[in-house]
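The values are calculated or read from the model by the stated rules, or taken from the named source; none is laboratory data. It should be emphasised that the depicted structure is a prediction, and the values quoted were computed from it without experimental measurement. With ideal geometry, Cβ positions are generated from the backbone for all residues, glycine too; neighbour counts draw on all protein chains shown.
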Protein chains: 4
Amino acid sequence: MSQLPRFGAGIWHFASYVDRYAVDGYAPPVSTLEAIARAGEVGELSVVDINYPFTPGVTVEQVKEALAAANLECIGITPEIYLRQFGKGAFTNPDPAVRRAALDVMHESAQIVRELGASYVKIWPGQDGWDYPFQVNHHDIWKLATDGMRELASAHPDLKFVIEYKPREPRVKMLWDSAARSILGIREIGLDNVGVLLDFGHSLYGGESPADAAQLLIDNGLLWGMDVNDNLRGWDDDLMVGTVHLTEIFEFFYTLKINNWEGVWQLDQFPFREDTVQTARASIRFLKALHGALDTLDIEALRAAQARQDAITAQMLVQDALLSCMGGAR
Amino acid sequence: MSQLPRFGAGIWHFASYVDRYAVDGYAPPVSTLEAIARAGEVGELSVVDINYPFTPGVTVEQVKEALAAANLECIGITPEIYLRQFGKGAFTNPDPAVRRAALDVMHESAQIVRELGASYVKIWPGQDGWDYPFQVNHHDIWKLATDGMRELASAHPDLKFVIEYKPREPRVKMLWDSAARSILGIREIGLDNVGVLLDFGHSLYGGESPADAAQLLIDNGLLWGMDVNDNLRGWDDDLMVGTVHLTEIFEFFYTLKINNWEGVWQLDQFPFREDTVQTARASIRFLKALHGALDTLDIEALRAAQARQDAITAQMLVQDALLSCMGGAR
Amino acid sequence: MSQLPRFGAGIWHFASYVDRYAVDGYAPPVSTLEAIARAGEVGELSVVDINYPFTPGVTVEQVKEALAAANLECIGITPEIYLRQFGKGAFTNPDPAVRRAALDVMHESAQIVRELGASYVKIWPGQDGWDYPFQVNHHDIWKLATDGMRELASAHPDLKFVIEYKPREPRVKMLWDSAARSILGIREIGLDNVGVLLDFGHSLYGGESPADAAQLLIDNGLLWGMDVNDNLRGWDDDLMVGTVHLTEIFEFFYTLKINNWEGVWQLDQFPFREDTVQTARASIRFLKALHGALDTLDIEALRAAQARQDAITAQMLVQDALLSCMGGAR
Amino acid sequence: MSQLPRFGAGIWHFASYVDRYAVDGYAPPVSTLEAIARAGEVGELSVVDINYPFTPGVTVEQVKEALAAANLECIGITPEIYLRQFGKGAFTNPDPAVRRAALDVMHESAQIVRELGASYVKIWPGQDGWDYPFQVNHHDIWKLATDGMRELASAHPDLKFVIEYKPREPRVKMLWDSAARSILGIREIGLDNVGVLLDFGHSLYGGESPADAAQLLIDNGLLWGMDVNDNLRGWDDDLMVGTVHLTEIFEFFYTLKINNWEGVWQLDQFPFREDTVQTARASIRFLKALHGALDTLDIEALRAAQARQDAITAQMLVQDALLSCMGGAR
């Protein structure tokens, strides 16, 4: 049995949620500190990614204490550059004052990363994009996106920034929408402290093979973080990992393994209607079984099958490992 | 020039919106009365569909007055059976007490329909469905859906009920998901006061041809209402009508016309980031042009082309009418 | 260990294929008799569904002998009502003479069913639909579809007919596109010898939950046959079953089991680039493991979880059974 | 009225087609020379892109004569690296001998380009990709793809090569699948005689905004050719341009215009069931109208609206131009 990875989660996994219909929220509000406590309850997590600003009134000191109490470290800070003010974009907002305000939140987030000893600022520019054909000038908006990211990252050469790409939502189309586009953008930015966080579900519903996207990012030296979850391939459902795309999540982790990628296995899930702690536990239970499947997978035989594009043999090898991985759990 | 139809809108077109990211809302809250006033400002609308419960504190009397002041009538009431309490379903909630609470809201809505002299109660069971494979027993949940609808409609034989189907969102999969399924369900219900409201966008992203779905509903005597909007065919984006699928919205209205369907042309749009009144005006401007295109379309020649599946001729006739319909607007 | 089902396959599983690019075919042509021999080689199949007309020159007598030699029975005959002549439709072709020709092929197929002692004529009206908006009159074409089917089935009251629905391909949109629409159409036909064959992949990429579609058909007494395979949910890729959607294929078979559905488990796969016999063997190997998983699944606990929509518990139970089902195979 | 562009077409627009169902073809075979003659009949085309090898027996000399007789020039040669031999890939075939054979066809195509005075070799590696999860090693296959392309292009420094990306079909997933990935690959190749041909339909059903993809390619100096057509955003239907996505095709050409892109407007359509010449004429008729719409579009006002992401104003300006562009044609 190989060494288990460290597990983590976005702290929003333990929040409550609203959507455009259940405007009163699927559950009562959860503060930053309560969410950290819940993450600790899971008993399996080592790190969390925390949104900034924290719940009003909560201090960095309190966050530190809550993390310590929960036996957690902070891996990254995710600035909330997708609230009302940034509805038409953060880096790419048509209003320069709003772009400035977005950068201010991100600069503050960088400072929090330092204070918490975290690994990176995670940039998810969810409002940077467009909704309608003809709504934007595509040259100009992409330039705003890369110029802004360069301005941010160059101001903090001591820190790492990871961009989390996503095809769409909340904008009908987002700018940083794929692994390839993200690599291109980072090349245009031209700084070595900007990388990518790959979200398995974003990749999947964007039409990528997440395994292929991971390999491309690794080959470009840019896979600096990742999140897992699941969906029906048409939207970012943020379901529990391992509930729909078993083979593809296995291929994703297989790809990480053969590349000796050794980062945190993180959850980015939205349990709208479920107990958030139980959702995390069930997810980690699955991930541990999957990790075991990687141990039993006959990688040498698989590589040989792949070298001749022998899908039948490859699938049988995969099924042998995957479809027996939960044996010990029963 | 044939007679223009009456135009309408869901009152939520004039609300403000939240989503799971912009939890502070894309704009400040808008009360029921304010939304009615905004609908009146459009200057083109005759009717609105109103959510119930109203904003806390607002009375039916006030709504009546607001409608009169705005020169609007109420066409339907949409009970909010998708708020927190109903997160796991209204008709199909696993908890009988919640099912009862949902029916209570709908019974109250029926009473409001009477008081406002509206045409129907609109039932959009957005939380009735499931998120995960294996989450529900498909037989049992569909029975709850049809039994519940029967119980509701049979309690108000003097009123009409229209079901608005939708493939998904907020549940990952919804029960009433297509025109054909809705017809089947209504047959199982077995009452003649239950029909369908077809939302163009729902039909489109559900993989239907909205024109075909409309024809099927008409042939079954069940097309009792409709909403228009637009999307990118992968999600219910609720964009302005006429911004993406010009040919298909034209075919949809063409189908209504040749069947002498004469109901209200209603807007169901979510202008998250736009001025809601201006959005409605631009939409009606387009719909009027489209209505004019129906006048100039050579229907006889089109029917002849369709009789031989002559797509080329059909498209040229359609382009002749559609691509010159805005001539008078300039 | 419960009794294994009988396994079957469409005979085209053992053919060679062309597409619009590899116009010289992915492999040399395979005759009807050769394909039957290959099906026999699999060693796991009890029945095959056979296309009609057979390869030119092949007689029914020869087919009988080939089946006997391969230890196979014929479960159904699939008339090829999708060749050049029927490019614009079979039942719904705009030319009455072509419609007649299509019916002739189907009448002959009915006779072959009798001669081979098969169970049904399988009707897959792949060319019945449209490609462009405005290409057809939706009322008229649906009437042609149901009238034609009624004419066919009423001419052979001693036989069963199963309609295999599919959302699209080769037409951009097909008429019989979903379980619900098929049930509606069969009700309009009004005969009791017309049912449905559900193809798992068609259901999946049509946006249905195949388990839900199966339940709906069962509840309407119309699930008379089924095919399995897999795809990426966007097209009818006809991949090997069990290579992508493990959880959903499991839920599909679970649904059949709890309804005591006891028909043949059939393969409908297109191994364009793979050995056809090996593909079938690998598929049956998976299906046997899945069948075993149904034995170990804690159905009582699952039903209890479903009754409260408890997705977490349901998924853990499913993973326990599914992710250990290949244990014995290694 | 600004100068009309030159129009062109892939010669396959005038061929006949098979698919996996209509294996006898939707029409009788059409030879290279007949297809050229048909292209000439359209009366609107200046150039064609020709597949190589030609129909057996046809010489380059004959092709030259046929082009001259049809008043056409050859813009590019498309080697058929997707026939049976290349079913598991051309550049990325697991068999080195097959990779060599593929390069041989492409080297010959390069020679034909010289002989016909064409502009480029068009590389569409339709079989380069995979079908199943775990079928290939993603690092190795991408390296084969870029290494092979480098070997090809570096052997012909006097010629241009354009890669036409596509998300999928005939492989379930293709390697060169998007604009961004293509740019990345070309950067890895590191040669200045390799560019991109953007197919509007490929871009659309791959989830890109074709206008955005065009802008990205232009900004990278790599948009060297383009094809138009239409589809339902889920598959490469290769329908007539202008039959579904009117607004987005308009935005695409608008983007070309504001960037002063002055290449050929080419058709890549598959009229399976239509007259191929009439299909081309109807398409050019639409493109001419669209070209006129670009003349009447108020670009200055549009740019101002885009600068503030004012979707409503942008759409009204677009509708004013687009929905009156066919006025002169009636």
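Tabulated data for the structure shown
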{"item": "Test: residue in segment B:246-261 that is among the basic types (Lys, Arg) and within 8 Å of another protein chain (Cβ to nearest Cβ)", "result": "no"}
{"item": "Count of residues meeting criterion [touching a helix residue (DSSP H, G or I) at 6+ places or on another chain (Cβ under 6 Å), facing another protein chain (nearest Cβ under 8 Å) and within 18 Å of residue D:322 (Cβ to Cβ)] in segment B:294-316", "result": "1"}
{"item": "Pairs with Cβ under 6 Å, 6+ apart, first in segment C:42-67 and touching a residue at least 12 places away in the same chain (Cβ under 8 Å), second exposed (fewer than 15 other Cβ atoms within 10 Å of the Cβ)", "result": "C:60/C:115"}
{"item": "Of the criteria (1) touching a residue at least 60 places away in the same chain (Cβ under 8 Å); (2) in the same structural domain as residue A:118 (by TED's automatic domain parsing), which one residue A:1 fails", "result": "(2)"}
{"item": "Members of segment A:209-242 found to be part of a loop (DSSP other than H, G, I, E, B) and either touching a Ser or Thr at 6+ places or on another chain (Cβ under 6 Å) or of a type outside the set (S, T, N, Q) (or both), listed by number", "result": "A:221, A:222, A:232, A:233, A:234, A:235, A:236, A:237, A:238, A:240, A:241, A:242"}
{"item": "Only listed residue being closer than 29 Å to residue D:230 by Cα and in contact with a helix residue (DSSP H, G or I) (Cβ under 8 Å, 6 or more places away or on another chain), chosen from C:153, C:179, C:102", "result": "C:179"}
{"item": "Residue in segment D:19-36 that is in a helix (DSSP H, G or I), more than 12 Å from chain C (Cβ to nearest Cβ) and of a type in the set (Ser, Thr, Tyr) present", "result": "yes"}
{"item": "Selection from segment A:278-326 of residues that are free of Cβ contacts under 8 Å to residues at least 12 places away in the same chain and within 17 Å of residue A:243 (Cα to Cα)", "result": "A:278, A:319, A:323"}
{"item": "Flag for residue D:306 being over 19 Å from the mean Cα position of the chain (by Cα) and farther than 26 Å from residue D:44 by Cβ", "result": "yes"}
{"item": "Scope segment C:221-235; condition under 12 Å from the mean Cα position of the chain (by Cα), surrounded by fewer than 24 Cβ atoms within 10 Å (Cβ to Cβ) and under 22 Å from residue A:312 (Cβ atoms); matching residues", "result": "none"}
{"item": "Options D:209, D:203: the member that is of a type in the set (Gly, Ala, Ser), away from chain A (no Cβ under 11 Å) and buried (at least 24 other Cβ atoms within 10 Å of the Cβ)", "result": "D:203"}
{"item": "Selection count where residues are surrounded by 18 or more Cβ atoms within 10 Å (Cβ to Cβ) and without any contact (Cβ under 8 Å) to a residue 60 or more places away in the chain, scope segment D:259-277", "result": "1"}
{"item": "Number of the condition not met by residue A:58 [criteria: (1) surrounded by 19 or more Cβ atoms within 10 Å (Cβ to Cβ); (2) closer than 27 Å to residue A:106 by Cα]", "result": "(1)"}
{"item": "Hits in segment A:133-159 - residues which are in a helix (DSSP H, G or I), hydrophobic (A, V, I, L, M, F, W, C) and touching a Ser or Thr at 6+ places or on another chain (Cβ under 8 Å)", "result": "A:141, A:144, A:145"}
{"item": "Hits in segment B:72-107 (condition: more than 17 Å from residue B:121 (Cα to Cα) and aromatic (Phe, Trp, Tyr))", "result": "B:86"}
{"item": "Residue B:195 being in a helix (DSSP H, G or I), more than 9 Å from chain C (Cβ to nearest Cβ) and either in contact with a helix residue (DSSP H, G or I) (Cβ under 9 Å, 6 or more places away or on another chain) or farther than 23 Å from residue B:145 by Cα (or both)", "result": "no"}
{"item": "Qualifying residue in segment C:109-129 (condition: buried (at least 23 other Cβ atoms within 10 Å of the Cβ) and free of Cβ contacts under 8 Å to residues at least 24 places away in the same chain)", "result": "no"}
{"item": "Qualifying residue in segment B:1-13 (condition: of a type in the set (Lys, Arg), crowded, with 18+ Cβ neighbours inside 10 Å and not in a helix (DSSP H, G or I))", "result": "no"}
{"item": "Given (1) touching a helix residue (DSSP H, G or I) at 6+ places or on another chain (Cβ under 7 Å); (2) closer than 26 Å to residue D:235 by Cα; (3) within 14 Å of chain A (Cβ to nearest Cβ), number of the condition residue C:236 does not satisfy", "result": "(3)"}
{"item": "Residue tally, condition assigned to a helix (DSSP H, G or I) and either among the aliphatic types (A, V, I, L, M) or at pLDDT below 95 (or both), over segment A:74-108", "result": "7"}
{"item": "Yes/no for residue C:280 being under 28 Å from the mean Cα position of the chain (by Cα) and modelled with pLDDT under 95", "result": "no"}
{"item": "Residue selected from segment A:168-186 under the condition facing chain D (nearest Cβ under 8 Å) and out of contact with any Ser or Thr (no Cβ under 7 Å at 6 or more places or on another chain), by the criterion surrounded by the most Cβ atoms within 10 Å (Cβ to Cβ)", "result": "A:181"}
{"item": "Qualifying residue in segment C:217-224 (condition: touching a strand residue (DSSP E or B) at 6+ places or on another chain (Cβ under 9 Å), within 12 Å of chain B (Cβ to nearest Cβ) and of a type outside the set (A, V, I, L, M, F, W, C))", "result": "yes"}
